[in-house]
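Trainee: My questions all concern the structure below.
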Amino acid sequence: MSTNPPPGELTTGGAHASDVPEQFQDPGLEPHQLRLADRSEKNAKRVERQVVAILIVSVIASIAGVVGFFAIPVGTTLMDVRLSTLVIGLGLGLGMLGIGLAAAHWAKALMDNTERVEKRKPVPSPPEVREEAVEQIATGIEESRIGRRPVLKGALVGAAALAPLPFVVPLVGSLSNTWDVNRFRHTAWGDVPEGTGGRLPDGSVGRRLATDPDDRPIRAADVTIGSAFAVIPHGLPDEEHYLEEKAKAVVFMTRIDPNELAVSPERRDWSYDGIVAYSKVCTHVGCPVALYEQQTHHLLCPCHQSTFDLAEEAKVVFGPAKRALPQLPITVDVDGYLVARSDFHEPVGPSFWERDR
Amino acid sequence: MKALAASRRHRLAPVVLLLLALILTGVAYSAVTSEPATAQTASQEDIEEGEALFRSNCSTCHGLNAQGTDLAPSLVGVGAASVHFQVSTGRMPMANNSPQAERKDPMMNEEQTYALAAYVASLGPGPAIPSAQQVNPEEGNAAAGMELFRANCSMCHNAVGAGGALTEGKVAPPLDQATPTQIWEALRTGPQSMPVFNEAAITDQGARDVIAYVMEQREVDPGGISLGNLGPVSEGFWVWIVGLGGLIGLAVWIGAKSS
């Protein structure tokens, strides 16, 4: 302690550079300061009373939590459930918080806080202990005869390598039962099971468009300008793997004033009298895009704000999506119901490596 | 019975039968189509009062005959339901020309609202104000309503109707103040950015189911404080600011020396 500069010297304005020591000096311990509780027994008593008071709050909270569990009947109203949960939670929380606060306050204000210095021990063991350990390992390898029995070594390594497989293989294998990405090129719109389609004037059959989730076929006349329809292929809820198929086939449909609708020549027969249908799966990362603003014809994705203009073939007008939403070619069957002319002409949803192949 | 049998060869019998058939068809049709708002058969005085109100409150933007101007759309054919929705929620008359007409205290009382609606409805046919039975949440199934709400409404209005943001300052408003009638009117008329959900998209029973589901959300939340049901934003704010802030405060207190 005697080598330390007296406190305050380094900060005095007139000090010379030579007064500053070359190396940072260990300032040592600060002088021990007595706390209020150390200076008078009265203060110590007060701290004790505080700690006891906190512990009593904890005790009361714990008891109140248990009493609340029995006293508040659950099952008549939702308010009871809420009150019961609140009382039990508060009882448990305050009970434990009280113990923690009391312990911390006790340790800080009442327990002896005289500073003590304990020198750090050297990290490495003494050299003779380390040499002995190396010797023991070498002896163990020698005694196990593993060096002279290569078959045994091979068998052991093989067993150890194969043991995790029953864990890893099902884990990876159950990610998907097939790794065929061509599944994404086909949706339920491409199939027309018995009773789900409508006949077109040219004799072909297309799958009817139906409302989600109640599966009612939609007449073209019912789709008024500005109206919105969440659409699934008719009959899909009765099919196997309904949700998987629905996830690929969901469509958003609306009718736009034909004067405001821009249609390219190759898609002239993909819409019907202003009725357009687009995949609801965002081309960015596959969120359902369905926030439709009928005044601007913008369809907004809730995840990353990609915005598609339905009046211009769902081209991207804002956001991270790179491709327009795939359009479902639709028309009307001989009974006036909307049907899909064909499946989507490109894979729905986000990009994947083999998408354009 | 004998007299009836005898008169079936009367020369007027086909005419009587035809009339009977026509009346029967008409009655059956009106029963099947469940024509809305038979209660609001507006009188001529209502329409005249509504026209006066329209001239003084609405015509600056919508034009003297509701034909529309550069500022606001034509109201011919929007129907009484649209007027009732916009005026009873206080959205119209608009306070300023902002991207979104916000809900505020209505300027018109109920009687004036109905008069305005009657006037606009007289300009051209459109959805009428629904009857109490059409929007009765008691007759709706909240579970079926949830499925419809999830497929059609939740992307903009949030899964429990807490509302959400759209583009360029527009929002899908929270549904916690909307009355059953206003929910029905919004579905059928598509106010502002909202698309129309007509009877083909959501049936009349479906609309009641949706109303029942929205009303159900106003019940006590058994999960405690909902923090606005806004999802990760408000919950993250709570955890990071209040939760972690509290923990840091405790850690500082534990580490500080006692006086």
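The values are calculated or read from the model by the stated rules, or taken from the named source; none is laboratory data. These numbers come from a predicted model, not from an experiment. With ideal geometry, Cβ positions are generated from the backbone for all residues, glycine too; neighbour counts draw on all protein chains shown.
Trainee: Over 19 Å from residue A:246 (Cα atoms) and modelled with pLDDT of 90 or more, is that true of residue A:340?
Mentor: So residue A:340 fails the test.
Trainee: A further question on this structure: Got a sec? Which of A:255, A:267 is more than 14 Å from every other protein chain (Cβ to nearest Cβ) and among the charged types (D, E, K, R)?
Mentor: Going through A:255, A:267 in turn, just one is more than 14 Å from every other protein chain (Cβ to nearest Cβ) and among the charged types (D, E, K, R): A:267.
Trainee: Is there any pair with a first residue in the stretch B:212-239 that is within 11 Å of another protein chain (Cβ to nearest Cβ) and at pLDDT below 80 and a second that is in a helix (DSSP H, G or I) and surrounded by fewer than 16 Cβ atoms within 10 Å (Cβ to Cβ) whose Cβ atoms are under 6 Å apart and which are 6 or more apart or on different chains, and what are they?
Mentor: Sorted first by the residue in the stretch B:212-239, then by its partner, the pairs are B:220/A:78; B:220/A:79; B:222/A:78.
Trainee: Which ones in the stretch A:73-97 are of a type in the set (Gly, Ala, Ser) and within 13 Å of another protein chain (Cβ to nearest Cβ)?
Mentor: The answer is A:75, A:84, A:89, A:93.
Trainee: Would you be able to say whether some residue in the stretch A:210-224 is facing chain B (nearest Cβ under 8 Å) and aliphatic (A, V, I, L, M)?
Mentor: yes
Trainee: Separate question: For the stretch A:317-357, name all the residues that are closer than 17 Å to residue A:231 by Cβ and acidic (Asp, Glu).
Mentor: Hits for the stretch A:317-357 are A:333, A:343.
Trainee: Can you confirm whether residue B:258 is outside the structural domain of residue B:72 (by TED's automatic domain parsing), among the hydroxyl-bearing types (Ser, Thr, Tyr), crowded, with 16+ Cβ neighbours inside 10 Å and under 30 Å from residue A:112 (Cβ atoms)?
Mentor: yes
Trainee: For residue B:165, work out the one condition from (1) facing another protein chain (nearest Cβ under 8 Å); (2) over 21 Å from residue A:218 (Cβ atoms); (3) more than 14 Å from the chain's Cα centre (by Cα); (4) not acidic (Asp, Glu) it doesn't fulfil.
Mentor: Checking residue B:165 against (1) facing another protein chain (nearest Cβ under 8 Å); (2) over 21 Å from residue A:218 (Cβ atoms); (3) more than 14 Å from the chain's Cα centre (by Cα); (4) not acidic (Asp, Glu), the one that fails is (1).
Trainee: Out of B:159, B:151, B:165, I need the residue that is buried (at least 18 other Cβ atoms within 10 Å of the Cβ) and of a type outside the set (Val, Ile, Thr). Which one?
Mentor: B:151
Trainee: Given (1) modelled with pLDDT under 90; (2) in a helix (DSSP H, G or I); (3) closer than 30 Å to residue B:253 by Cα, where does residue A:30 come up short, assuming only one miss?
Mentor: Among (1) modelled with pLDDT under 90; (2) in a helix (DSSP H, G or I); (3) closer than 30 Å to residue B:253 by Cα, residue A:30 violates only (2).
Table: residues versus (1) among the basic types (Lys, Arg); (2) within 36 Å of the chain's Cα centre (by Cα); (3) modelled with pLDDT of 90 or more; (4) within 19 Å of residue A:331 (Cα to Cα).
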residue: A:239; (1), (2), (3), (4): no, yes, no, no
residue: A:253; (1), (2), (3), (4): no, yes, yes, yes
residue: A:256; (1), (2), (3), (4): no, no, yes, yes
residue: A:265; (1), (2), (3), (4): no, no, no, yes
residue: A:269; (1), (2), (3), (4): no, no, no, yes
residue: A:275; (1), (2), (3), (4): no, no, yes, yes
residue: A:278; (1), (2), (3), (4): no, yes, yes, yes
residue: A:281; (1), (2), (3), (4): no, yes, yes, no
residue: A:290; (1), (2), (3), (4): no, yes, no, no
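Trainee: Within the stretch A:344-356, is there a residue that is in the same structural domain as residue A:201 (by TED's automatic domain parsing) and among the basic types (Lys, Arg)?
Mentor: no
Trainee: Right, next: Determine whether the stretch A:301-310 contains at least one residue that is surrounded by fewer than 18 Cβ atoms within 10 Å (Cβ to Cβ), touching a residue at least 60 places away in the same chain (Cβ under 8 Å), within 14 Å of another protein chain (Cβ to nearest Cβ) and touching a strand residue (DSSP E or B) at 6+ places or on another chain (Cβ under 9 Å).
Mentor: No, the stretch A:301-310 contains no residue that is surrounded by fewer than 18 Cβ atoms within 10 Å (Cβ to Cβ), touching a residue at least 60 places away in the same chain (Cβ under 8 Å), within 14 Å of another protein chain (Cβ to nearest Cβ) and touching a strand residue (DSSP E or B) at 6+ places or on another chain (Cβ under 9 Å).
Trainee: Now for a different question. Which of the residues belonging to the stretch A:238-250 are more than 11 Å from chain B (Cβ to nearest Cβ) and touching a residue at least 24 places away in the same chain (Cβ under 8 Å)?
Mentor: Scanning the stretch A:238-250 gives A:239, A:245, A:247, A:248, A:249.
The rows are residues; the columns are (1) under 32 Å from the mean Cα position of the chain (by Cα); (2) modelled with pLDDT of 90 or more; (3) in a loop (DSSP other than H, G, I, E, B).
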{"position": "A:308", "(1), (2), (3)": "yes, yes, no"}
{"position": "A:311", "(1), (2), (3)": "no, yes, no"}
{"position": "A:344", "(1), (2), (3)": "yes, yes, yes"}
{"position": "A:352", "(1), (2), (3)": "yes, no, yes"}
{"position": "A:355", "(1), (2), (3)": "yes, no, yes"}
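Trainee: Yes or no: the stretch A:273-287 includes at least one residue that is farther than 16 Å from residue A:212 by Cα, surrounded by fewer than 19 Cβ atoms within 10 Å (Cβ to Cβ), among the acidic types (Asp, Glu) and in contact (Cβ under 8 Å) with a residue 40 or more places away in the chain.
Mentor: Among the residues of the stretch A:273-287, at least one is farther than 16 Å from residue A:212 by Cα, surrounded by fewer than 19 Cβ atoms within 10 Å (Cβ to Cβ), among the acidic types (Asp, Glu) and in contact (Cβ under 8 Å) with a residue 40 or more places away in the chain, which makes the answer yes.
Trainee: What is the number of the single condition among (1) more than 9 Å from chain B (Cβ to nearest Cβ); (2) within 24 Å of residue B:99 (Cβ to Cβ); (3) without any contact (Cβ under 8 Å) to a residue 24 or more places away in the chain that residue A:296 does not meet?
Mentor: Residue A:296 satisfies every listed condition except (1).
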